[in-house]
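Let me begin by presenting the structure, written as C-alpha cells, before commenting on it.
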Amino acid sequence: MNIFYYDIAIGLPIRSCFTYKSVAHIKKGTRVIVPFGKKVVIGIVVSKISQHSSFHKSVAIKEIISTTEESVCFDKSIFKTILWAADYYHHPIGEVFFSFMPTLLRKQSNKIIAPLGESSEYDINKSDKNFKLTKEQESNLIKLKRIKNFKPSLIYGVTGSGKTEIYLQLAEKLIQEKKSVLILVPEINLTPQLVSRFKNRFSGDIGVYHSRLTPNQRFKVWLRSKFGEIRIVIGTRSSVLMPLKNLGAIIVDEEHDQSYKQSEGFRFSGRDLAIKRAQLEDIPIFLGSATPSLQTLKLVKEKKYKKFDLLRRIDGKKPPKLIPLDINDSPLVGGLALQTLTIIGETIKKGEQVLIFINRRGFAPLYECDNCGWVAECGECESNLVFHKSKNKLICHKCESVYPINKECPDCSSKEINLYGSGTERVEEVLENAFSKVPIIRVDYDSTRRKGSMEEIYKKANNSEEAILVGTQMLSKGHDFPKVTLCVILNADSGLISPEINALEKISQQLIQVSGRAGRNNNLAKVIIQTRYPDDINLKQIKTGDYQLVADQCLSVNKNLSLPPYSSICILRTTSPNSKNCLDFLNRASLTLDNRKGVGIIGPLPSIPFKIKGNIRSHLVIKSSNKAYLNRILKFLIKEFETWPESKKVKWSFDVDPYDMS
Ligand SMILES: [Zn+2]
Ligand SMILES: [Zn+2]
C-alpha cells in the first residue's frame, strides 16, 4: 500500500508546517483532523511531500486521523493568495489559513462543507433605474465594463458623483454573465446603506459578511457563496477571500480607508489582499475613492493602474466651501467657538441639518486634580482615562477597562477634581443646552455598538427636519445624510501639526471626506474648520477641496524623502512586561542589520502608548527601497531570532506596510 506524506498547517502561532502521513490522496487546501501533542486538532493540507525522501523513514510520523469532507476548504486561487499573504506579512501560516475560515470550521464539529441547497436567482429591478446617468458616469461605465482581465482600475469619484451607481451597474453586468461579485467596505457601519442599495436593485439574496454576525450566520453566507447559491457578497476585510463561485470582479469601496488594515494579530491589508487575489484569478478589480491612497495614485502615475474620473456631482451642485475659522481669540464652550454656535443656530432655523465632527468619544479626555495635578490613568496601560458622563465612569480607550469616578484625589485628598477637553458626549451636552428643541444624534463607538443602531440613526436623521449629528471619524466615512448643509470640524489641528510621516495624507483625506457629507442638495453648503493655525500652508491647500493637488504634493515630498509608497517599511513590534527585554531584543536586531546596504533602521523607539494591559511596547522601523529585498531581510531576521535567547523573552511580530507608525 502506498503511503503519502503531507505538510499540514495548524491554527497556532507556529511558523512551520507539520508532516503527517496517510494512505489517502488528499488535495491541497483540505481540512483534516490530526493528532497534535495530546490533542486532536483541525489542520489544512499545504503540500504533498515526495515519499522517497529518506527523512520520513527516520522520524516517527503520525497519521492523519481523517479528512473532514469531500470538498476542499480553500480553492486554488484562495489557497495561493493565503500562501502569498503568509510569506509577504511573515505571519504564521496556520493562523493565516484560520483567519479566512468560518469559526465553525476551525474546530472539530459536525459542521461540514456541503451545499445548503438555498439557491438565489437574481433579477434586476427596472424601477430602481428610473433616472439618467451623468455623461461622466456613462462614458466611464462603457470603459469599465470592457475590462476583462486583471487590470486594477481606480474610480476617482468626488463625493456625490455617483460611484455606487457605477458599482451597481458593474454588478448587473456580472450577474447577467452568470458570474459573482465581491464588494468590500472598510467598516461594518457602512454595510447597511450599501446593502439596501443592492437590495433595491437586485431581487435575489445579498450576502453580508462581517465580524458582528453570529458564527452560524457567517458560516451560512460562506457556504452559500462557495456553492454558487448567492452571487453578490458585501463585507468587510474579513470577507476578502470569500469563496465566491465564478468570481467576476472585486470592488473595493473607499480603498484609502485605514480600516482595511488589520491592526492586531495577522496585520494584513484587506485592499492589498483583494488586489493579489484579483491578480491570481486574473479578474478586474475596481478601487473606489474620493481621496485615493498615495500608493494607488503612485501606481496610476506609473501606468500600472488606470484612473477613471468622476469629478462632477450627480446633482450638478458645487462642492461645499471649506472655511478655516480662527479660534485663537475665541472662548470655547465644550470645544465649540461662539461663532460656530451662531452659524449652527442659523442653519437649524432654516430647517437644515448640521454635522459636527470631533475625533474623540466620551465626555472629557482629562480627569485631573486641580490641587496637585494628579491625572486619572489606566493601571494597565500608559493611557489617560476618559470620563464618560452617560455611564458616570472613567474608561480606558486602549483596553476598555472601566473605573469608578474618584470622590477625592488619591494623591492629595483634594475634592477639586476637574474635567478638561471635549469628546462627543460633552459636545452633545453643550448642544442640548443651546438648542433644546432640536434632535441631537450622537454617532460614536458607544452609540453604535448595538446591532441595528446605525440603521436607527439613519432613520432618525432622515425623518427629522433640523437636527444636529455629533460624531467621531465614523461619520466621515461614506454615509449619506442628505439634509446636512453645514459640517463643523472641531479638532483638525492635531492632524495638521502631527509629526507622523503620513499625517498630511490622513488629515486631508479626513477633511475632504467629512466635507463630502455636506450639501448633497444644497449649493450653499459650508464646512467650518476650527483651527489655531489658520495660515497653515497645508490647510490652505486642503481648503481648495482639490484632493489631487494635495496628494500630488504629498507624493513629491515622499519621493524626495524616500518614504512610502516610494519605499517599503516594516515595523518590528515587541511587547514584554519588562522594558529591558524589549530593548535588548530590538538592539540586537538593529545591530544585526547595521551596515547592511539598502536597509535603513530607526529605533528602538517606545511605542504609543508605551504600556498596554501591563505590557511595555517598543518597536524598530526597518525601511528599504525594494519590497522584495525587505522581504528577504525579514526572512533572514526570523531565522536569526530562532537562535537568540533575547527573542524568548519578548513577544515579537512584524507589521508590514504599517498604517500607524507609532
Ligand atoms: Zn491631588
Ligand atoms: Zn487600559
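The values are calculated or read from the model by the stated rules, or taken from the named source; none is laboratory data. Everything numeric in this text was worked out from a predicted model, so none of it was measured. Quick reminder, even Gly has a Cβ in these numbers, built from the backbone with ideal geometry, and neighbours come from all protein chains shown. The protein model used for the area step is the full one, side chains on, heavy atoms only, and it has no ligands, DNA or RNA in it. Shrake-Rupley method; radii C 1.70, N 1.55, O 1.52, S 1.80 Å.
Scan the range 65-112 for residues that are among the β-branched types (Val, Ile, Thr), out of contact with any Lys or Arg (no Cβ under 9 Å at 6 or more places or on another chain) and open to solvent by less than 30 Å² (accessible area, probe 1.4 Å) and report the count.
2
For the range 264-286, name all the residues that are in contact (Cβ under 8 Å) with a residue 40 or more places away in the chain and closer than 12 Å to Ser99 by Cβ. Reasoning before the result, please.
First, pick out the residues of the range 264-286 that are in contact (Cβ under 8 Å) with a residue 40 or more places away in the chain: 265-286.
Matches in the range 264-286: Gly265, Phe266, Arg267, Phe268, Gly270, Leu273.
Residues are listed down the side, and each one gets a yes or a no for (1) at pLDDT below 90; (2) within 25 Å of Gln279 (Cβ to Cβ); (3) not polar (S, T, N, Q):
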{"residue": "Thr103", "(1), (2), (3)": "no, no, no"}
{"residue": "Asn110", "(1), (2), (3)": "yes, no, no"}
{"residue": "Glu136", "(1), (2), (3)": "no, no, yes"}
{"residue": "Asn140", "(1), (2), (3)": "no, yes, no"}
{"residue": "Arg146", "(1), (2), (3)": "no, yes, yes"}
{"residue": "Lys163", "(1), (2), (3)": "no, yes, yes"}
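Write out, first by first residue and then by second, each pair whose Cβ atoms fall under 7 Å of each other, whose residues are 6+ apart or on separate chains, and whose first residue, in the range 409-431, is on the phi > 0 side of the Ramachandran plot while the second is within 16 Å of ligand 2 (Cβ to nearest atom).
Correct list of pairs: Gly421/Pro365; Gly421/Leu366.
Among the residues of the range 521-547 satisfying the criterion of being touching a residue at least 24 places away in the same chain (Cβ under 8 Å) and under 25 Å from the mean Cα position of the chain (by Cα), which is surrounded by the most Cβ atoms within 10 Å (Cβ to Cβ)?
Ile542
Look at the range 399-431 and say how many of its residues are within 16 Å of ligand 1 (Cβ to nearest atom) and of a type outside the set (A, V, I, L, M, F, W, C).
The total comes to 11.
Got a sec? Which strands (runs of 3 or more DSSP E) wholly within the range 239-319 have at least 2 residues that are crowded, with 24+ Cβ neighbours inside 10 Å? Steps first, answer last, please.
Details: elements: 247-252, 285-289, 306-310.
Where strands (runs of 3 or more DSSP E) fall fully within the range 239-319 and carry at least 2 residues being crowded, with 24+ Cβ neighbours inside 10 Å, they are 247-252, 285-289.
Kindly provide the set of residues from the range 179-196 that are of a type outside the set (A, V, I, L, M) and modelled with pLDDT under 95, ordered by number.
Residues satisfying the conditions are Pro186, Glu187, Asn189, Thr191, Pro192, Gln193, Ser196.
Would the range 196-214 turn up any residue that is under 18 Å from Ile147 (Cα atoms), in contact (Cβ under 8 Å) with a residue 60 or more places away in the chain and either open to solvent by 10 Å² or more (accessible area, probe 1.4 Å) or assigned by TED's automatic domain parsing to the domain that holds Arg449 (or both)?
So in the range 196-214, the residues under 18 Å from Ile147 (Cα atoms) come out as none.
For the range 196-214, residues under 18 Å from Ile147 (Cα atoms), in contact (Cβ under 8 Å) with a residue 60 or more places away in the chain and either open to solvent by 10 Å² or more (accessible area, probe 1.4 Å) or assigned by TED's automatic domain parsing to the domain that holds Arg449 (or both): absent.
Only one of Gly117, Gly157 is in the same structural domain as Trp222 (by TED's automatic domain parsing) and small (Gly, Ala, Ser). Can you tell me which?
None of the others qualify; the one that does is Gly157.
Since Tyr20 meets every condition but one in (1) under 26 Å from Ala114 (Cβ atoms); (2) surrounded by fewer than 19 Cβ atoms within 10 Å (Cβ to Cβ), which condition does it not meet?
(2)
Could you list all residues from the range 635-658 that are open to solvent by less than 50 Å² (accessible area, probe 1.4 Å) and part of a loop (DSSP other than H, G, I, E, B)?
Answer for the range 635-658, where residues must be open to solvent by less than 50 Å² (accessible area, probe 1.4 Å) and part of a loop (DSSP other than H, G, I, E, B): Trp644, Val650, Asp657, Pro658.
Looking at Leu190, Leu154, Leu184, which one is out of contact with any Gly (no Cβ under 7 Å at 6 or more places or on another chain) and open to solvent by less than 30 Å² (accessible area, probe 1.4 Å)?
Residue meeting the stated conditions: Leu154.
If you check Ile602 against the conditions, is it β-branched (Val, Ile, Thr), in the same structural domain as Trp652 (by TED's automatic domain parsing) and either closer than 29 Å to Leu504 by Cα or within 25 Å of the chain's Cα centre (by Cα) (or both)?
Here the answer is yes, as Ile602 does meet what is asked.
Taking the residues in the range 1-13 that are touching a residue at least 24 places away in the same chain (Cβ under 8 Å) and outside any strand (DSSP E or B) as candidates, determine which candidate is farthest from Ser109 (Cα to Cα).
To start, the set of residues in the range 1-13 that are touching a residue at least 24 places away in the same chain (Cβ under 8 Å) comprises 2-13.
Next, only the ones that are outside any strand (DSSP E or B) stay: 2-3, 11-13.
Numbers: Asn2: 30, Ile3: 27, Gly11: 16, Leu12: 18, Pro13: 22 Å.
Out of the qualifying residues, it is Asn2.
Considering the range 374-432 alone, what residues qualify as being charged (D, E, K, R) and either assigned by TED's automatic domain parsing to the domain that holds Gln530 or buried (at least 19 other Cβ atoms within 10 Å of the Cβ) (or both)?
Glu425, Arg426, Glu428, Glu429, Glu432
Looking for whichever is open to solvent by 10 Å² or more (accessible area, probe 1.4 Å) and closer than 17 Å to Asn631 by Cα here; the options are Arg588, Arg617, Arg596. Which one fits?
Arg596
Report whether or not Ile601 is at pLDDT 90 or above, among the aliphatic types (A, V, I, L, M) and surrounded by 15 or more Cβ atoms within 10 Å (Cβ to Cβ).
Details: at pLDDT 90 or above: yes; among the aliphatic types (A, V, I, L, M): yes; surrounded by 15 or more Cβ atoms within 10 Å (Cβ to Cβ): yes.
When the stated conditions are applied, Ile601 passes them.
Please go through the range 321-342 and give me each residue that is within 16 Å of Val427 (Cα to Cα) and not in a helix (DSSP H, G or I), ordered by number. Please lay out each step first, then the result.
Within the range 321-342, the subset within 16 Å of Val427 (Cα to Cα) is 331-342.
Scanning the range 321-342 gives Pro331, Leu332, Val333, Gly334, Gly335, Leu336, Ala337.
With (1) free of Cβ contacts under 8 Å to residues at least 60 places away in the same chain; (2) of a type outside the set (Phe, Trp, Tyr); (3) loosely packed, with under 15 Cβ neighbours inside 10 Å as the list, and Pro365 as the residue in question, which single condition is left unmet?
Just one mismatch for Pro365, condition (3).
Based on what the data block shows, is Gln553 part of a helix (DSSP H, G or I), outside the structural domain of Leu294 (by TED's automatic domain parsing) and open to solvent by 30 Å² or more (accessible area, probe 1.4 Å)?
Yes, satisfied.
Quick grid of which residues meet (1) away from ligand 2 (no atom under 16 Å from the Cβ); (2) touching a residue at least 40 places away in the same chain (Cβ under 8 Å); (3) under 29 Å from Asp446 (Cβ atoms):
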site: Phe308; (1), (2), (3): yes, yes, no
site: Lys317; (1), (2), (3): yes, yes, no
site: Pro320; (1), (2), (3): yes, yes, yes
site: Ile327; (1), (2), (3): yes, yes, yes
site: Ile344; (1), (2), (3): yes, yes, yes
site: Phe357; (1), (2), (3): yes, yes, yes
site: Asp370; (1), (2), (3): yes, yes, yes
site: Val375; (1), (2), (3): no, no, yes
